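Here is the structure we will look at.
The values are calculated or read from the model by the stated rules, or taken from the named source; none is laboratory data. None of the values given here were measured: they were computed from a predicted structure. All Cβ positions, even for glycine, are placed from backbone atoms using ideal geometry, and neighbour counts span all protein chains on display.
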Amino acid sequence: MTDQPKPNAPEDAAPDSMSRRGFVKDAGTLSATSLLGTAALMTNSDEAEANGNWAEWFQGNYRLMTQEEKDEAIARLERRYTNEYGKKVTVDSTPAEKGVLFGYALNIQKCIGCRRCAKACVEENNQSRGDQEIEWIRVLKMEKGEFNSVKMGDGYPESYGIQVGGNAYSASGVVLEGEHYYEPEKVPEEDAFYMPIACMQCEKPPCVKVCPVRTTYREPDGIVVVDYNWCIGCRMCIGACPYWARRFNWGEPNLPKEEMNPKTHYLGNRPRMKGVVEKCTFCVQRTRKGRYPACVEVCPVGARKFGNLLDPESEVRRVLADKRVFRLKAELNTYPKFFYYMD
Amino acid sequence: MQANKRVHADMIMKTGIRIAALCALGLGTMPAVQAADGECFESRDGASKVVQKEIGENLKNVECSDTTGAVLWWGDPYDGTQPMGDMPVEIEGEAVVKSRTAQLNLYPVCGVACHNGSFPAPVEADAPPRKLTMHMDLVPDSMNLQHGNGGIWCLDCHDAKTRNKLVDNAGNLVDFNQPQQLCGKCHGQVYRRWREGLHGKRIGEWAADGKKRWFVCTECHNPHDVQQGERKSGFAQITPEPAPKLPKNMDNADHERHHGH
C-alpha cells in the first residue's frame, strides 16, 4: 500500500532546507495512517504543499476511505490546487444520488461534426492542453463514399472486382473507417456523417475488470470513475476498453491557470498528474449537482440528450421509447449507458 | 435593453422626418449580428450574440471559441433569459428562453417606421410573390423563398398590418419571442417533439422537472432559409472547431484518406 509508484514524486516539490521532507522520508516505514495524521498537523505551516503531497501519496483508495479520510484528502487537495492555480478551487465529493441512473443518448442523424462537444469537454474537465493535448470526446467522420461501376475493376488481383479478397485499392460505398482529423471549411460536409465517441459508462465495464489496483470502478449512478491518486498508470484499462475512451497523461499535464475550471469533483475534473489515466465521467461535478454535462449544453443542433434512466419522463427515456436506438458494439455485452439514435 | 429600444422607437415616432431618412439610409440592410472580441454566437451563426462577462469570482457567463466564435461552455445557462411565457400545454419545471426581439435589428422600428399599419398600404395576405426592394439581405431571393418549396410567403408568417408580430394560419398574432407558436402550426410533429425536449435543445438542469433554458425554433433555423438551395437542410453549415493534435511523430493525417477521393 505504501510502495505505490507515484509518478509525481514529491521530491521536486519539497523545499530542500529544513527537513520536514527528510523527516517524512525517514518515516517511510511508518504506517500510512500515522503519516496522514502527521501531515494533517503540519499542513498549517508554509510547507503545507510539500506535506500535502506526501499525505496524498500515502492516502488510501478513495472508495475504501471513511468519510473523515475523504474530507481530509479533499481539504488537502483544495489547499494544494488553490495554491497552485492561484484561485479558490473546490473539490466536491457529492456521492451518487439514490434512484438515479445516468444515461446519455446521441442523435447520430443530427450530429454535424463541429467538435464543439470535444472542446466544451476540455473547458469543463481540465484536460491537458497544447502539446500534451487530451480530449475525451472524439468525433469520427464517416464518408458516404460511392458505389460505382468504374471501381469494379479496382480490386486485387487486378480485374477481379472490388469484392475479391476485400483488397480494393479504393474502397467503395460507405466508408466506416472514421476520420479523426477532418478539417473542412464548413460542416456538415455533403458526403459525410459524424459519429462522436467517448466513454460509454458500461454496466459491465471491461476497464474495471482489468484494473489491478481497483482504482477505476462503477458508481451506483452508473458513472465509471477513476481515483487518480490510486492509479498506477499501468494502462491495462486503456487496452481493455473497446471504445477507445481512456486517455493517459504521458507527461505532466499542461493546464494554464487562467483556463483552469475551479469547480471540481474528486472523481471528475480535478487536475490530474503525470502517469494517470482519465476519461469522461458524464461531468460528475455537474451532473451530481443537477446540471447537464457540458457537451449536452454546447451541442448546437441539440443532438445530445441526458438524464435519469429511471425516470420515464426524462429526455433519455423518451428517446429510448420513441426513437430507433442502438448501442455501440452491443455484442460485447458491455451494456453501455450511452445510446445512439436516429429520428 | 428592451426598454431602451422602446424609447428609441418612441423617439423615432415623434420625429416623422427621421423615419423616411432611416428607411432611405437602408436600415433594412443593416448587417445581421456580427461577431467581435468577447462575443460569440450560440447555435445559428448570426442569429444570436452573447457578450462574455464576469458573473462571479472566476466565473464567466460563457467561454467562446477563439477559432470559430461559437459558445464553447456555459457558466450560467440562464444568463440573459426570461420566462418562456404561455405554452398551450403545461411544462414540468421552470422554462426560460432568450429574447429574440433583443437580437433582431429591425424589431424596434419595424412596426412604426417603415410599416405603420396603414402606410405603406398593406398587401393582400395571399398576394403572389413579388420582387422586393428591401430585406434582400434577409431574404436573398424573394421570388424563390427558401422555405416551403414555393408554398408559403412572407405574409403566411408576418402580419400584414402589425409588423412587429407574427401571425399564424388562424390569424392569431404571435410574439417574435414565441416563434414555436407559429412554426408549430405547420410543423406539428416537430413541435410536439420539441415540447418533449427531443427536438432542439435545453440547457440547465437535467431533471425532468428542473429549470431549463429552451432554445426556440429560430435560434437554430433561419425561417427565411430552411432549404438552402441544394443543401436541402434546415440547419446552416458552421465552421468546425480545430482537429485534435496528431499523435507524436505523425506529420499529417493522409493515412485517413488512403481510400481515394
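For region B:162-207, residues that are surrounded by fewer than 21 Cβ atoms within 10 Å (Cβ to Cβ), out of contact with any helix residue (DSSP H, G or I) (no Cβ under 7 Å at 6 or more places or on another chain) and among the hydrophobic types (A, V, I, L, M, F, W, C) total 6. Among residues of region B:196-230 being at pLDDT 95 or above and of a type in the set (S, T, N, Q), the one that is nearest to B:Ser48 (Cα to Cα) is B:Thr218. Consider region A:196-218 and keep the residues that are crowded, with 18+ Cβ neighbours inside 10 Å and closer than 30 Å to A:Pro300 by Cα. The one that is farthest from the other protein chains (Cβ to nearest Cβ) is A:Cys202.
Among the residues making up region A:227-244, a single one is of a type in the set (A, V, I, L, M, F, W, C), touching a residue at least 60 places away in the same chain (Cβ under 8 Å) and touching a helix residue (DSSP H, G or I) at 6+ places or on another chain (Cβ under 8 Å): A:Trp230. Residue count for region B:212-238 under the criterion of being facing another protein chain (nearest Cβ under 9 Å), surrounded by fewer than 18 Cβ atoms within 10 Å (Cβ to Cβ) and in a loop (DSSP other than H, G, I, E, B): the result is 1.
Taking the conditions (1) touching a residue at least 40 places away in the same chain (Cβ under 8 Å); (2) within 14 Å of another protein chain (Cβ to nearest Cβ) in turn, A:Val175 satisfies each one other than (1). Kindly indicate whether any position in region B:150-161 is away from chain A (no Cβ under 14 Å), touching a residue at least 40 places away in the same chain (Cβ under 8 Å) and crowded, with 17+ Cβ neighbours inside 10 Å. Yes: one or more hits. The number of residues in region B:184-205 that are within 8 Å of chain A (Cβ to nearest Cβ) and more than 18 Å from A:Pro312 (Cβ to Cβ) comes to 5. Out of curiosity, is B:Thr133 in a loop (DSSP other than H, G, I, E, B), without any contact (Cβ under 8 Å) to a residue 12 or more places away in the chain and surrounded by fewer than 19 Cβ atoms within 10 Å (Cβ to Cβ)? Taking the combined requirement at face value, the residue satisfies it.
In region A:187-216, the residues that are of a type in the set (S, T, N, Q) reach residues that are crowded, with 18+ Cβ neighbours inside 10 Å and part of a loop (DSSP other than H, G, I, E, B) with C-beta atoms within less than 6 angstrom, at least six apart or across chains, in these pairs: A:Gln201/A:Gly222; A:Gln201/A:Ile223; A:Gln201/A:Lys337; A:Thr215/A:Asp227; A:Thr215/A:Cys231. Evaluating A:Gly99 against the criteria (1) of a type outside the set (D, E, K, R); (2) part of a loop (DSSP other than H, G, I, E, B); (3) under 17 Å from A:Lys279 (Cβ atoms) leaves one unmet condition, (3). In the set (1) in contact with a His (Cβ under 8 Å, 6 or more places away or on another chain); (2) in a strand (DSSP E or B), B:Ile203 fails one condition alone, (1).
With respect to the conditions (1) at pLDDT 95 or above; (2) of a type outside the set (Phe, Trp, Tyr); (3) more than 30 Å from A:Asn308 (Cα to Cα), A:Val91 lacks only one, and its number is (3). Applying the condition of being acidic (Asp, Glu) and part of a helix (DSSP H, G or I) to region B:239-261 and asking which residue is modelled with the highest pLDDT yields B:Asp254. Close Cβ contacts (under 9 Å, 6 or more residues apart or on different chains) running from residues in region B:107-130 that are over 21 Å from B:Asp168 (Cβ atoms) to residues that are in a loop (DSSP other than H, G, I, E, B) and β-branched (Val, Ile, Thr) comprise B:Arg130/B:Val123.
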